[in-house]
Structure formats: structure tokens, C-alpha cells
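> Provided herewith is a single structure, encoded as C-alpha cells, for subsequent inquiry.
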């Protein structure tokens, strides 16, 4: 008898994204907030944990949704004809809800340390990204390039094909490790300019939570910058999908 399974694609995208944000923003909190055991752990710790966070999210969501976990990936796959446009809003809604929940869990987990930290920029970084040098043209180009690399390589990890009915784009557990390495190298090589959001839900969802949560000394949520990690990744994913379409003939 087949065991019932309540893990729908929507729930898989929600939980997978939640885990990515919990573990990814969690490592930023561990490194930047006062009096944590990981304080001042550095960029290598952050980028490594973000890569592993993606691994965790993909392992959980992959067999049920294909583990997009990123609106830019979802849009890129739809442009390439590998994902139905009718399903795009549902997936993006799940990703945004997952990002909300992950950010809330980071706030709960590090509540005492948020209270002991008096640097608004460090608190904001535990939720969303920001530029090392504020130049909107350069900043959006950084996000476009980072997301282009992510989505373009994902096409070749998955070969852009449906491997089986449980894994719509071939990013199940087997594909989780390559995707983790991909996110890791993007962070190490390209992340120093903007913090490599490369994912609209990853940035916008937690930024909204930062705005809403009662956090002492949190400062502003930097809404003037917020459009860049939303628009940039979508542009990068679009270019990646169009290039993939051209190259496959």
C-alpha cells in the first residue's frame, strides 16, 4: 500500500525556502551579532553556510517541487519553457511565505543577541543584503551577473529536463550538492559587492520582516535599495534563459 504524502509542491517550496533563510540568515546573525559564539567568523563562514543552507533546502524540496526556492529560478525556467507559467504565481507565493517564516525564526533564535547589538547595519544584514559601495548601476549589474550564473548553470545541472514525475527539473537530492557548490562559489567570487542576494524572495521577504519586527536599534530597512535584489536577479535569470534557448537550438 502506498504511504500517503501531504508534501505538495507549494509546501515543499515554502519549507525549502524557509530552511534556506533560517540557516543562511542564521549564519549572518551568528557572525555579526554581539556575544554569539560565532562572532567575527568572517566571509568564508558566511558563504560556506549559505551554500550548505541551499543544499538543505534542495534536499527537502527537490523530490516534490524541483526545488526552485527562488522566484528568479522559477521565472527563468518558465521563460525556457521548462515550467508552466500558470504555476509561477503559486511557487513565488510559497517562496515568499517561506522567506517570511525563515526570517522570523532567525529573529526568535537570536532574540537576545539582537537586543545586545547596537549596530543597525549589522542587524539589517541578518535579514537582507546591502551594497559594499552604493552605486545603483554597479549594484544591479552585480545582481544580474550573479543570478545569471546561478540560473544558467542550473540549466546544465538539471539539463533542463524532466527526469521523473517527482522531480520536475531534476534537482532532487542528487542535484543538491552541485547547486550548493554553485551558490558557494558565487558567494566567494561575486558576493563581495552586494552580498549576492540572487533571489528576490531571499531579500524582500526578510526585509519586510525586519521592517515589522520590534527590534531594538534596528534602524531603517533601506527601502531605497530594496528594488535592486528583486529586479536584478529576474533580469539575470531572463538573460540566462534566453541564452540557454539560443544555445540548445
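The values are calculated or read from the model by the stated rules, or taken from the named source; none is laboratory data. Since the model is a prediction, treat every value here as computed from it, not as a measurement. All Cβ positions, even for glycine, are placed from backbone atoms using ideal geometry, and neighbour counts span all protein chains on display.
> Is it true that some residue in segment 146-160 is modelled with pLDDT under 95, part of a loop (DSSP other than H, G, I, E, B), under 23 Å from residue 93 (Cβ atoms) and over 18 Å from the mean Cα position of the chain (by Cα)?
The answer is no, given that none of the residues of segment 146-160 is modelled with pLDDT under 95, part of a loop (DSSP other than H, G, I, E, B), under 23 Å from residue 93 (Cβ atoms) and over 18 Å from the mean Cα position of the chain (by Cα).
Listed here are the residues, each with its yes/no results for (1) without any contact (Cβ under 8 Å) to a residue 24 or more places away in the chain; (2) under 19 Å from residue 51 (Cα atoms).
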residue	(1), (2)
184	no, yes
195	no, yes
198	no, yes
203	no, yes
223	yes, no
248	no, no
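Residue by residue, here is whether (1) over 19 Å from residue 229 (Cα atoms); (2) touching a helix residue (DSSP H, G or I) at 6+ places or on another chain (Cβ under 9 Å); (3) modelled with pLDDT under 95; (4) buried (at least 19 other Cβ atoms within 10 Å of the Cβ) holds:
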{"position": "169", "(1), (2), (3), (4)": "yes, yes, yes, yes"}
{"position": "179", "(1), (2), (3), (4)": "yes, yes, yes, yes"}
{"position": "184", "(1), (2), (3), (4)": "no, yes, no, yes"}
{"position": "193", "(1), (2), (3), (4)": "no, yes, no, no"}
{"position": "198", "(1), (2), (3), (4)": "no, yes, no, yes"}
{"position": "205", "(1), (2), (3), (4)": "no, yes, no, yes"}
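> Being surrounded by 24 or more Cβ atoms within 10 Å (Cβ to Cβ) and modelled with pLDDT of 95 or more narrows it down to one of 79, 11, 104, 20, so name that one. Break it down into steps so the answer makes sense when it comes.
Working: 79 fails: surrounded by 24 or more Cβ atoms within 10 Å (Cβ to Cβ); 11 fails: surrounded by 24 or more Cβ atoms within 10 Å (Cβ to Cβ); 104 fails: surrounded by 24 or more Cβ atoms within 10 Å (Cβ to Cβ).
One residue alone meets the criteria, 20.
> Go through segment 39-67 and give me each residue that's part of a loop (DSSP other than H, G, I, E, B), crowded, with 17+ Cβ neighbours inside 10 Å and at pLDDT 95 or above.
Hit for segment 39-67 is 41, nothing else.
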